[in-house]
1. Does B:ALA264 satisfy the condition of being open to solvent by less than 70 Å² (accessible area, probe 1.4 Å) and at pLDDT 95 or above?
2. For A:PHE282, indicate whether it is of a type outside the set (D, E, K, R), out of contact with any Asp or Glu (no Cβ under 8 Å at 6 or more places or on another chain) and closer than 30 Å to A:ALA138 by Cβ.
3. What helices (runs of 4 or more DSSP H), lying completely within the stretch B:1-87, carry at least 3 residues that are within 14 Å of chain A (Cβ to nearest Cβ) and among the β-branched types (Val, Ile, Thr)?
4. Inside the stretch B:147-162, can you point out the residues that are surrounded by fewer than 12 Cβ atoms within 10 Å (Cβ to Cβ) and either touching a residue at least 12 places away in the same chain (Cβ under 8 Å) or under 12 Å from B:THR136 (Cβ atoms) (or both)?
5. From B:THR265, B:THR284, which residue is β-branched (Val, Ile, Thr), in the same structural domain as B:TRP231 (by TED's automatic domain parsing) and within 30 Å of A:ALA391 (Cβ to Cβ)?
6. Within the stretch A:416-440, which residues are part of a helix (DSSP H, G or I), within 10 Å of chain B (Cβ to nearest Cβ) and polar (S, T, N, Q)?
7. Being open to solvent by 70 Å² or more (accessible area, probe 1.4 Å) and within 26 Å of A:CYS387 (Cβ to Cβ) is the filter here; which residues of the stretch A:435-460 pass it?
8. Just for the stretch A:292-305: of the residues that are open to solvent by less than 10 Å² (accessible area, probe 1.4 Å) and assigned to a helix (DSSP H, G or I), which one is nearest to A:ASP123 (Cα to Cα)?
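The values are calculated or read from the model by the stated rules, or taken from the named source; none is laboratory data. Here the structure is a predicted model, which is why all the values come from computation and not from measurement. Cβ placement follows ideal geometry from the backbone for every residue including glycine, while neighbour counts extend to all protein chains displayed. When the accessible area is computed, the model is the full protein with side chains, heavy atoms only, and any ligands, DNA or RNA have been set aside. Shrake-Rupley method; radii C 1.70, N 1.55, O 1.52, S 1.80 Å.
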Amino acid sequence: MEMEISDSQFESRTMSRTLYQFNGGVHPVEHKDVSTQLAIAIAPIPQMLIVPVRQHIGQPSKPCVSVGQRVLKGQIIAHAENYISIATHAPTSGIVSAIALHALPHPSGLSDTCITIASDGKDEWTERTPIDYRNLNASALRNRLRDMGIAGLGGAVFPSFIKLNPGVPQKVQTLLLNGGECEPWISCDDMTMRERAAGILSGAEIMRFMLRAETVVVGIEDNKPAAIAAMQLAATQCHFPVEIVVIPTLYPSGGAKQMIKVITGKEVPSGGRSTDVGVATFNVGTAYAIDRAIHHGEPMISRVLTVTGNVHQPRNFEVLIGTPMQNVINLTQGHPDSVSGYIMGGPMMGIDLHSVDVPVVKATNCILVKSDKLFPPPPLAMPCIRCTRCADACPADLQPQELYWFAKSNNFDKAQKYQLFDCIECGCCSYVCPSHIPLVQYYRYAKSEIAATQNEQKSADHARDRHETRLARIEREKKERAEKLAQKAVAKPATTTADDAATLAKKAAIQAAIARAATSTTEPS
Amino acid sequence: MISSPYISQKTSVSIIMLKVMLALIPAIIAYVWYFGPAILISLTLASVTALGMEAAALKLRGLPIKPFLMDGSALVTAWLLALSIPSIAPWWLIVVGLFFAIIVAKHLYGGLGNNIFNPAMVGYAILIISFPVPMTQWASPDTLAGAHLGLIDAANYIFNGILPSHTSGIDAISTATPLDTLRTQLKLDHSVAQITQMPIFGAVGGQGSEIIAGLFLLGGVYMWLARIITWHIPVAFITALALISGVFYLINPAHYATPWLHLATGGAMLGAFFIATDPVSGATTPTGKLIFGAGIGILTYLIRTIGAYPDGVAFAVLLMNVAAPLIDQYTQPAVYGHKGNKS
C-alpha cells in the first residue's frame, strides 16, 4: 500500500512518488498565463449584492433577516436547514432591500430566492471570533464550518463539514488537496496557491486534525511552476508533513477521481466516494477558506475567480459573493472583439450563461467572456465513423461511441448497461471527435431522460401504492362497519329498552311543554 | 442551446481520410515504377466514378452534398478498390465494383458510419465472384512483361480493350499473381521451393509487388504515428497470419509457403493496415480489435490454402465484419470504478 510516507516525516517531502495514469485525457491550449500576469485584485464592493440562499448542494439555507433590516459584514442572513446545508452570510454591511426571486448562474436559467443587500459602504464587520482549532473537537469544528458557510470551491460546492466527517475513525488516511486546475483559461487556484500558500496549509492542518489523516498531499499540475514553488516553500515551514506532488498536465487530472488515480493508483468505486479508497479530496481554495473561517472567524463571503477570454485585461479577483458578474467583467477594461456570450467555469465543463445580470456565487471559479474568434461555433456534425478517438480520450474508460449510439436511438437500458452514469461529462470525447458530434449533450439528454423515467416510475409506484392503500382502507372500513353493525344487532335487545325509556321521557317532556303552553296562552288573553 | 465543451480539436473526417490517402502514395509510386502507369488511370477513373456515385446517392437521400462529398470517404473506398483489382482491368469492372461499394454497401445501409461491411471489400467480392477472368489478369511487372504499356496505351486498353500493335496478346502484358501461381503449381505437385524459383517471385514475395507491400506497411506505420489507426488490428492480423502459416510451413515446408511469402503477397499488407482498420465496419474495443485482426489473419490463410480463391483477405474481412458487433459486446473494457482496486 502507500504507507511509506507516513512516518518518515520531513524527508518525505522530497521523496519521489510513483504516479499512475488514468485513461485518455486531452491537452487543450491552456491560455492560463494571460490571467496570471497580475496579482489577485480585490474587487470593489458593489452597491447591491444579490446573495442566493442556495449556492451549495443540498437544502437551501433559510432566511433569518427581514427587508429593511441592517446587517453587518459576515452576519448570518440565512441559517442552514437540515443536514446537507450551510449558512449564508452578508458579504458586506448594509440594508436588506429584498428577499425575492432573482436569476442565478445555472444552466436552467431559473430563478431562486436571493437576499439583496444595499451596501452602506462602511463594510463594517460583525464580531469575529478566531479559534484555536485544538481547543475544539472535530464535531464542534464541523458545526463551526457549517455556520461559516464553507462549501467546496472546486466546482461541486458540496458542504465541506460533511466531507470532514469520516464516520469510521481512520477511514481517511490521505488528505488530498486538489491544485490540479486542469481546465484551460482558469487560474484562480494557481494564483491562490502562489499568494496564499501558508493559508492553504494552515487550513489543511485543521482538516488533517478533523479527519485524523496520516498524510497530506497537494496535487498540482506541472504547468504551474510558481504555485508549486510557493507551496513547496510553505510546506518546509509547516510543522506537519506535507507532500507536494507534481503531476503531468493532462485534462481532466484535476477531477477528483482522476487525481486520486494519478496519485494513489486507486479507483474510486462506481457510485462510491473518495473516502472509500481512504482519500478525502478538497480544493486548495476550500482549504484556504477553512483557515479564514476557523483561524480568523471569517465566513465564506468572497472567493477568488478568474475573469478571462475576450477581455483586455484578464485577471484574478477576490470578489464578494453576490456581486453582479457584470461589475466584475467591467474591471477587465473592455473587450477586444465583440462578445458572443459568457461561460461560468472553463471551456470544457463550464455552463453557458444567458446573461451576466446574475450574482457571483460560491461555485463561480471563472467568468469566461466569449468571442467568435476564441470560441468559433462548432462545425456541422458528421456521422460517427466509430474511430474511437473518444474512447481513447475518455478518462472514465467508457466507450463513448457506443453510448452515443444508444443515446441517439433512445436505447437507455443499453446506455445504462454501458455505464452511462459513470460519465463525468468532462467533454474529452466531444473535444477529440473528428465528426464534431456534441457527444456530451447526448449523454446529458440520456441521463435526464432516464432520471425522468425513474421519477415517473417512482410517482407511478407511489400512486399505485396510494391507490392500493386506499382500496385496502375502504375495504377495512367496510369490514369494520359491517362488524359494528353485527355487534349492534347482537346488542340490540339491551339498547331497545334504553331507547324506549328515552322516548318515554321525551314524550313526557313534550306533554309537559304542551300543558305549559296551554296555560301560558290562556293567561295574557 | 450550446453546452460544454465549447472547444474542440482541429480535426475532421476529411483530414483523417486525406491522411489515409497520403499514406497510400508511396505504394502507388512504387506501383507505377514496377507495373507501369495503368494504375494511375484506374485510380483516376475510380475517384471520379466514386465521387459521382456518392453525389448522386447524397442527392437522392436529401443530404447536403458538399460536406459529405468533402469527407473523403468515397475517395478512400475508390482508391482501396482500385488497388485491390488489376490495374489493367477494363473500365467497367471498377465502375461495377464501385456501384456495389458506394451505392449498395454504403448508402443502402445508411451511408457514412452505418455500413456493416467494408464497402471496398464488398465491391471486390462481387467482382471476383462475377468476373473472375478480368479479375485475375494482373499487369506483369515491367521486368517480365513482353511489352510495356505507356499511359496512352494503357488508357486505350482499359477503355477500348485495344492492345498496341506491337504486343502479341493479353499474355504479353498480364500474368497470374504469385499467390495464384503458387496455387496452380501446388496442384501440379510442385514443391514450394520449386515454385518460388519462378520469375514472378521476388526475394520474399512477388517481383515488385513485395516492394509495394513494404510501402503499404510503411504507410501503415505513418498512420499509426499520426494516430489514424491503432496498432491492434494490423499487429493481430500480421501475427495471426505469420503464426498459422509458420506452423503449417514447419509441418510441411514443401507444400506450405513460408510466412514471409504470405505476408508479402496478395492483399496482406494493404488489408492489415488500410482495410481491416476501417473503423466503421470493424471492432472498436482494444481486445475486440485484437480478436478481429487475428480472425482476419487466420481466415485469410485458410481461404488461401484450402479455399477456392487465391487470396482471402476480402472474404476474411467481410466475415469478420459480421462478427464485429458481437466481438465488441463481449470485450467491453472495465469502466473506471468497476475494476476493483489491485494496487
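1. Working: open to solvent by less than 70 Å² (accessible area, probe 1.4 Å): yes; at pLDDT 95 or above: no.
Spelling it out, it is not the case that B:ALA264 is open to solvent by less than 70 Å² (accessible area, probe 1.4 Å) and at pLDDT 95 or above.
2. Numbers: of a type outside the set (D, E, K, R): yes; out of contact with any Asp or Glu (no Cβ under 8 Å at 6 or more places or on another chain): yes; closer than 30 Å to A:ALA138 by Cβ: yes.
Spelling it out, A:PHE282 is indeed of a type outside the set (D, E, K, R), out of contact with any Asp or Glu (no Cβ under 8 Å at 6 or more places or on another chain) and closer than 30 Å to A:ALA138 by Cβ.
3. B:13-35
4. To start, the set of residues in the stretch B:147-162 that are surrounded by fewer than 12 Cβ atoms within 10 Å (Cβ to Cβ) comprises B:152, B:160-162.
Within the stretch B:147-162, just B:GLY161 meets the criteria.
5. Numbers: B:THR265 fails: within 30 Å of A:ALA391 (Cβ to Cβ).
Going through B:THR265, B:THR284 in turn, the sole match is B:THR284.
6. Within the stretch A:416-440, A:SER430 is the sole residue that qualifies.
7. Answer for the stretch A:435-460, where residues must be open to solvent by 70 Å² or more (accessible area, probe 1.4 Å) and within 26 Å of A:CYS387 (Cβ to Cβ): just A:TYR445.
8. This residue is A:ALA293.
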